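Everything on this sheet refers to the single structure shown next.
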Amino acid sequence: MELKEFFAEHPHVALAFSGGADSSFLLWAGLRWAERLGVYYVKSPFQPAFEYRDALRLAEELGAEVTVLWADPLCDPKVAANPANRCYFCKKIIMAAIREAAKRDGFDLVIDGTNASDDIADRPGYRALEEEGVLSPLRLCGITKEALREQSREAGLFTWDKPAYACLATRIPTGETITAEKLRTVEESEDKLFRMGFTDFRVRTKDGAAKLQFIAQQHDEAARRLDEIKAALSPYFSEITLDPEPREKSK
């Protein structure tokens, strides 16, 4: 099935929009082929501010109107406890908020940007999507991450090469309680690294300490500037170390 055919079969849909490469490409496709497309972005403590800015920027460039919702997954003790399947409980909250708003606006179907390259066996959140009746057109149409990036580049979307950015909660190890303060600390410290010119990294935190992970192309520079990095991040963490092994590049 082609995306155009999907939207022909489902002409009125609501899109769970994050501003990442996947849902951004789906926004472009939906605006092109759907008869009616609702666009919903959920703000939460789990998402950094730059993701929100990117989402609004792309929507403006494409002429799409975005409905911004608010949800706080930390209100659910099962999310705050940070079990291995935390994403399942979090995704249920996020998608329920979108589904409720979409229903008020006359949409019966919600779609998301899960693509054919995503390993759903390793994504507890995907089960929540199935339970909420959310469809994933990119996955249904066999569109891989590589393919959607290339098509996004051809379409002129600035998100075509945007690194994948997992939610802030992924920086906190499973089993360690998630708090709003910890999420803010991660966001502010990663924002410092962005401002220093780094683009693909993670600040992993555990019990007040931080381990920095950079892709191979930026690892040597991070090592060279480690003293500078530590000085910038010292207000946030009791100890800062650089992972000696580069992390895999975000896809």
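The values are calculated or read from the model by the stated rules, or taken from the named source; none is laboratory data. Please read all numbers here as calculations on a predicted model, not as lab measurements. Using ideal geometry, Cβ is built from the backbone for each residue, glycine included, and neighbour counts are taken over all protein chains shown.
Would you say VAL68 is in contact with a Phe, Trp or Tyr (Cβ under 6 Å, 6 or more places away or on another chain) and in a helix (DSSP H, G or I)? No; evaluated as a whole, the condition is false for this residue. Note on the range 93-124: among residues that are of a type in the set (A, V, I, L, M, F, W, C) and over 18 Å from TRP70 (Cα atoms), the one that is surrounded by the fewest Cβ atoms within 10 Å (Cβ to Cβ) is ALA121. Counting only residues that are among the aliphatic types (A, V, I, L, M) and out of contact with any Pro (no Cβ under 7 Å at 6 or more places or on another chain), the range 175-195 holds 3 of them. Return the residue satisfying two criteria in turn: it lies in the range 61-118 and is within 15 Å of the chain's Cα centre (by Cα) and among the acidic types (Asp, Glu), and of such residues it is nearest to PHE158 (Cα to Cα). Step by step, filter the range 61-118, then rank; the result is ASP112.
Note on the range 23-50: residues that are under 12 Å from the mean Cα position of the chain (by Cα) and under 24 Å from THR177 (Cα atoms) total 7.
Exactly one residue out of ARG127, ARG171 is surrounded by 16 or more Cβ atoms within 10 Å (Cβ to Cβ) and not aromatic (Phe, Trp, Tyr): that is ARG171. Scanning the range 135-189 for residues that are under 28 Å from GLY30 (Cβ atoms) and among the acidic types (Asp, Glu) yields GLU146, GLU150, GLU154, ASP161. Filtering the range 130-159 to residues that are surrounded by 14 or more Cβ atoms within 10 Å (Cβ to Cβ) and of a type in the set (Gly, Ala, Ser) leaves SER136, ALA147, SER152, ALA155.
Residue-wise test of (1) hydrophobic (A, V, I, L, M, F, W, C); (2) buried (at least 20 other Cβ atoms within 10 Å of the Cβ); (3) more than 20 Å from THR170 (Cα to Cα); (4) modelled with pLDDT of 95 or more.
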site: ARG36; (1), (2), (3), (4): no, no, yes, yes
site: VAL42; (1), (2), (3), (4): yes, yes, no, yes
site: PHE50; (1), (2), (3), (4): yes, no, no, no
site: VAL68; (1), (2), (3), (4): yes, no, yes, yes
site: VAL79; (1), (2), (3), (4): yes, yes, no, yes
site: PRO83; (1), (2), (3), (4): no, no, no, yes
site: CYS87; (1), (2), (3), (4): yes, yes, no, no
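In this structure, PHE89 does not satisfy being in contact (Cβ under 8 Å) with a residue 12 or more places away in the chain, in contact with a strand residue (DSSP E or B) (Cβ under 6 Å, 6 or more places away or on another chain) and farther than 14 Å from PHE17 by Cα. Is it the case, given these coordinates, that GLY63 is at positive phi and either touching a strand residue (DSSP E or B) at 6+ places or on another chain (Cβ under 8 Å) or aromatic (Phe, Trp, Tyr) (or both)? Taking the combined requirement at face value, the residue does not satisfy it. Taking the conditions exactly as written (out of contact with any Cys (no Cβ under 8 Å at 6 or more places or on another chain) and not assigned by TED's automatic domain parsing to the domain that holds TRP28), does GLU132 satisfy them or not? Criteria not met by GLU132.
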